[in-house]
Amino acid sequence: MSRDLRLDRLAKTFPNGTAALGDLSADIAAGAFVSLLGPSGCGKSTVLRLIAGLEEPTRGRVEWPQTRGSLGVIFQEPTLMAWASAAKNVALPLELAGMAKTQARERACGALEKVDLAGFADALPRELSGGMRMRVSIARALVADPDVLLMDEPFAALDEFTRGKLNDDLLRLWAERGFTGVFVTHSVFEAVYLSQRILILSGRPGRLVADIQNPAPYPREPGYRTSAAFNATARDILDVLEEVSTC
Amino acid sequence: MLMQVLRIILPIALFAGLIQFWEWSVVYWEIQPFILPPPSAILAVFETDGASLLGSAWTTLGTTLAAFALAVFSGTALAALFASSRIAEAALSPYAVILQVTPIIAIAPLIIVWVGLDNAWLAVLILAWIAAFFPVLASATAGLKAVDPNLRDLFRLYRADFRQTFIRLMVPSSLPYLLAGIKTAGGLALVGAVVAEFAAASGNTNGLAWRILEAGNRLQIAKMFAALLLLALMGVALYAILSFVEWLLLHRWHGDRRRA
Ligand SMILES: Nc1ncnc2c1ncn2[C@@H]1O[C@H](COP(=O)(O)OP(=O)(O)OP(=O)(O)O)[C@@H](O)[C@H]1O
Ligand SMILES: [Mg+2]
């Protein structure tokens, strides 16, 4: 058994007959940052839900290292409890696991600090901006130190500026914590900026059509976005996507 | 600022004007007091019959509050059961609906026979409870179903058990729905209590409805109005208190329905 997370010929057909995911096999190395890219409806969210165990595959399986790693998830929406403060929201995974309230709060505040929200522990979600809510969601996903972080287009609803800032925050946290990142996005440029590896899925039912490595070293600074290396990788991906969408 | 003052002054002025007009028109058109008594005569009733009216109001209020409390408790409990078991919901919800769609005035005679006229208060309590029960059940059930599916997934992901999910997720997300239902239930408990008192039509219940019947038989129209006034005040007070509770519990996070 390797330390990797293995997706073994994963397929999912929903009870209503929709074949969402056709066939996906991939080894995701521990500590890697991988993006899933593909046309809308090709089963990207389904892959994440399968990995998270929120959905059972119709065929194939998700193989974990010896023990099933702990998981963090960031949804497209911040998905916060509207009635609870930022700190309460972040402390949720800890409290559900049985940690004492005061200790959980302490760690939650620490996690909020990491996403630059130190002063907002007691703010309610409605008192925060969209980007700040997303950061609370990131803090919640990371507070329990997960081995694997699943992200489903987490920044899609944000403006370019906030998105870039959160991309950098995310990479910094990834370097610090060393979790395995699986990131779903519609944006080729976001995928290139963040990932070591980009998996491209075809239209529904989703199949793996390309597995592109991005060897650019970390830390990646905003300057990387305009470099020749960045453009070359983006070009490769765009070429594949063009082929996928024409067939 | 001026607008704010007007918003308070204007309704009061309108009300005072209407009362004044009522008083004046009864005199001007020489309307018989057993058709429409003037407001002054209605107030005078409280001097002569105040004690018996207030005593009856107290009785009706007591039954209303007891029925309301029972309805809130049983409605939420049943909704919680429905939320935890689909089978229970499928098996039991038809009866709840039957209870709701059957007019309580039609069930009243049966209930009164069952509990015996000597226990008319119990019949009133049961009927008021039936009237108030359904909105609580319906709103709590709707609320429990309206939980954000992503949050539900999140709780599943962190392996929350049913108790944790219920207390931390389902109760708070359904609270806005539940409180709206509870507000309706308060008014319906009062309506149910009064309807049941009418149906019992016996001095045994001794509630405000009985006072109205009694006064009607004796053509004491002013006293009927006085009893009506008390009923209306009770209903409004109940609604105001429940609205305040709702505001207390929700205004911080639920004020504008912006998505979180
Ligand atoms: N619970 C479900 N029941 C039935 N069909 C579903 C269900 N969930 C998803 N699908 C279908 O499966 C397909 C893939 O859905 P999925 O959400 O994985 O796509 P996606 O790649 O994440 O799309 P997008 O990029 O638009 O988010 C879609 O056609 C969708 O309609
Ligand atoms: Mg999706």
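The values are calculated or read from the model by the stated rules, or taken from the named source; none is laboratory data. Every value quoted in this text rests on a predicted model; they were computed, and no experiment measured them. Here Cβ is always computed from backbone atoms with ideal geometry, including for glycine, and neighbour counts include all displayed protein chains. Remember, those area values only see protein heavy atoms, side chains included, never the ligands or the DNA or RNA. Shrake-Rupley method; radii C 1.70, N 1.55, O 1.52, S 1.80 Å.
Are there residues in the stretch A:41-58 whose accessible area shrinks by at least 20 Å² when all protein chains are included rather than the chain by itself, and which are they (probe 1.4 Å, ligands and nucleic acids not counted)?
So the qualifying set is A:ARG49, A:LEU54.
Can you send over the carbon and sulfur percentage of the accessible area for chain A, probe radius 1.4 Å, protein chains only? If you can, show how the numbers build up before the last one.
Working: 5440 of 10560 Å².
The nonpolar share, carbon plus sulfur, comes to 51 percent.
Run the dipole for the protein assembly as shown about the Cα centre, Lys and Arg Cβ at +1, Asp and Glu Cβ at -1, nothing else charged, and hand back the magnitude in debye, nearest 20. Display every interim value, and only then the final one.
On the way: 44 positive and 43 negative charges, 117 e Å.
Charge dipole of the protein assembly as shown: 560 debye, to the nearest 20.
Measuring from the lowest to the highest alpha carbon on each principal axis, how far does chain A reach, largest first, in angstroms?
Each principal axis gives a Cα extent; for chain A these are 54, 43, 35 Å.
With the solvent-accessible surface defined on protein heavy atoms using a 1.4 Å probe, which residues belonging to the stretch A:88-118 display a reduction of at least 20 Å² in accessible area in the multichain context relative to the isolated chain?
A:LEU92, A:PRO93, A:GLU95, A:LEU96
To two decimal places, what compactness ratio does the protein assembly as shown give when its Cα radius of gyration is scaled by 2.2 N^0.38 Å?
Details: Rg = 32.3 Å, N = 507, 2.2 N^0.38 = 23.5 Å.
Compared with the compact-globule rule of thumb, the protein assembly as shown sits at 1.38.
Pick out, from B:VAL26, B:TYR95, B:ILE9, the residue whose Cα sits farthest towards the positive end of the charge dipole of the protein assembly as shown, with +1 on the Cβ of Lys and Arg and -1 on the Cβ of Asp and Glu.
Most positive-ward Cα: B:TYR95.
Find me the longest stretch of chain B that has none of the exposed trypsin sites (Lys or Arg not before Pro), where exposed means in a DSSP loop (not H, G, I, E or B) with at most 16 other Cβ atoms within 10 Å.
Values: sites that count: B:ARG159, B:ARG218, B:ARG257, B:ARG258, B:ARG259.
Longest run free of exposed loop sites: B:1-158.
Taking every pair of alpha-carbon atoms in the stretch B:44-133, give the share separated by more than 18 Å as a whole percent. Kindly include the intermediate steps, with their values, before the conclusion.
On the way: 2329 of 4005 pairs.
Tail of the P(r) past 18 Å holds 58 percent of the pairs.
Could you compute how much accessible area chains B and A hide from each other, both sides summed, with a 1.4 Å probe? Nearest 100 Å² is fine.
Values: alone 15860 and 11830 Å², together 25110 Å².
Buried surface at the B/A interface: approximately 2600 Å².
Using +1 at the Cβ of each Lys and Arg and -1 at the Cβ of each Asp and Glu in the protein assembly as shown, identify which of A:PRO217, B:LEU213, A:LEU166 lies farthest towards the dipole's positive end.
Result: A:PRO217.
Using a 1.4 Å probe on the protein chains only, how many percent of the accessible area of the stretch B:57-259 belongs to carbon and sulfur? Present the calculation step by step, with values, prior to reporting the outcome.
On the way: 7070 of 10080 Å².
Heavy-atom surface of the stretch B:57-259 belonging to carbon and sulfur, 1.4 Å probe: 70 percent.
Among the lysines, select those whose C-alpha is under 21 Å from the C-alpha of A:LYS44, and discard any that sit fewer than 8 residues away in the same chain.
A:LYS12
Would you mind working out the magnitude of the charge dipole of the stretch A:79-145 relative to its Cα centre, with +1 at each Lys and Arg C-beta and -1 at each Asp and Glu C-beta, to the nearest 20 Debye? If you can, show how the numbers build up before the last one.
Working: 9 positive and 7 negative charges, 27 e Å.
About 120 debye.
Suppose a student asked you for the relative contact order of the stretch A:59-199, using Cα pairs under 8 Å spaced at least 6 residues apart; what percent would you report? List each step's numbers first, then the result.
Details: 189 pairs, mean separation 42.1, N = 141.
Value for the stretch A:59-199: 30 percent.
If you average the sequence gap of Cα pairs under 8 Å that are 6 or more apart and divide by the length of the stretch A:1-132, what percent do you get for the contact order?
22 percent.
If contacts are Cα pairs under 8 angstrom and at least 6 residues apart, what is the relative contact order of chain A in percent? The partial results should precede the final answer.
Details: 461 pairs, mean separation 65.1, N = 247.
After rounding, I find 26 percent.
Counting only other chains, and only Cβ atoms inside 10 Å, what mean value do you get across the residues of A:119-129? Numbers along the way, then the final one.
Working: counts 0, 0, 0, 0, 0, 4, 4, 9, 2, 1, 0.
Other-chain Cβ atoms within 10 Å of each residue's Cβ, averaged: 2.
For the stretch B:1-91, which chymotrypsin sites (Phe, Trp or Tyr not before Pro) pass both filters: DSSP loop (anything but H, G, I, E, B) and at most 13 other C-beta atoms within 10 Å? Let's see the in-between values first.
On the way: sites: B:PHE15, B:PHE21, B:TRP22, B:TRP24, B:TYR28, B:TRP29, B:PHE34, B:PHE46, B:TRP58, B:PHE68, B:PHE73, B:PHE82; in loops: B:TRP29, B:PHE34.
Taking the stretch B:1-91 and a limit of 13 other Cβ atoms within 10 Å, the loop chymotrypsin sites (Phe, Trp or Tyr not before Pro) found are B:TRP29, B:PHE34.
Starting from the Cα coordinates of the stretch A:79-145, work out the convex hull volume and express it per residue in Å³.
On the way: hull volume 4.8 nm³, N = 67.
Enclosed volume per residue, from the Cα hull, is 72 Å³.
Under 1.5 on a/c is rounded, so check that first for chain B, then, if it is not, pick prolate when a/b is larger than b/c and oblate when it is not; a ≥ b ≥ c are the square roots of the alpha carbon gyration tensor eigenvalues.
Numbers: a/c = 3.38, a/b = 1.55, b/c = 2.19.
Taking the square roots of the gyration eigenvalues as a ≥ b ≥ c, chain B is oblate.
Counting only heavy atoms of protein chains, what accessible area per residue, in Å², does chain A have with a probe of 1.4 Å? Could the numbers behind the result be given before it?
Details: 10560 Å² over 247 residues.
Value returned for chain A: 43 Å² of accessible area per residue.
Enter the accessible area per residue of the stretch B:57-259 (Å², integer; probe 1.4 Å; all protein chains in place). Before the final figure, lay out each step's value.
Values: 10080 Å² over 203 residues.
I get 50 Å² per residue for the stretch B:57-259.
Taking the Cα centre of the stretch B:167-260 as origin, sum charge times position over the Cβ atoms of Lys and Arg (+1) and Asp and Glu (-1), and report the length of that vector in debye to the nearest 20. Don't jump to the answer; show the numbers that get you there.
Numbers: 9 positive and 4 negative charges, 78 e Å.
The dipole magnitude comes to about 380 debye.
Would you mind listing how long the stretch B:113-243 runs along its three principal axes, going by Cα atoms, in whole Å with the largest first?
Over the stretch B:113-243, Cα extents along the principal axes are 70, 33, 15 Å.
In straight Cα distance, which lysines are under 17 Å from A:LYS165, not counting same-chain residues fewer than 8 positions off?
Cα-Cα hits under 17 Å: A:LYS114.
Angle between the Cα long axis of helix B:208-217 and the longest principal axis of chain B, 0 to 90 degrees, nearest 10?
Tilt of helix B:208-217: around 30 degrees.
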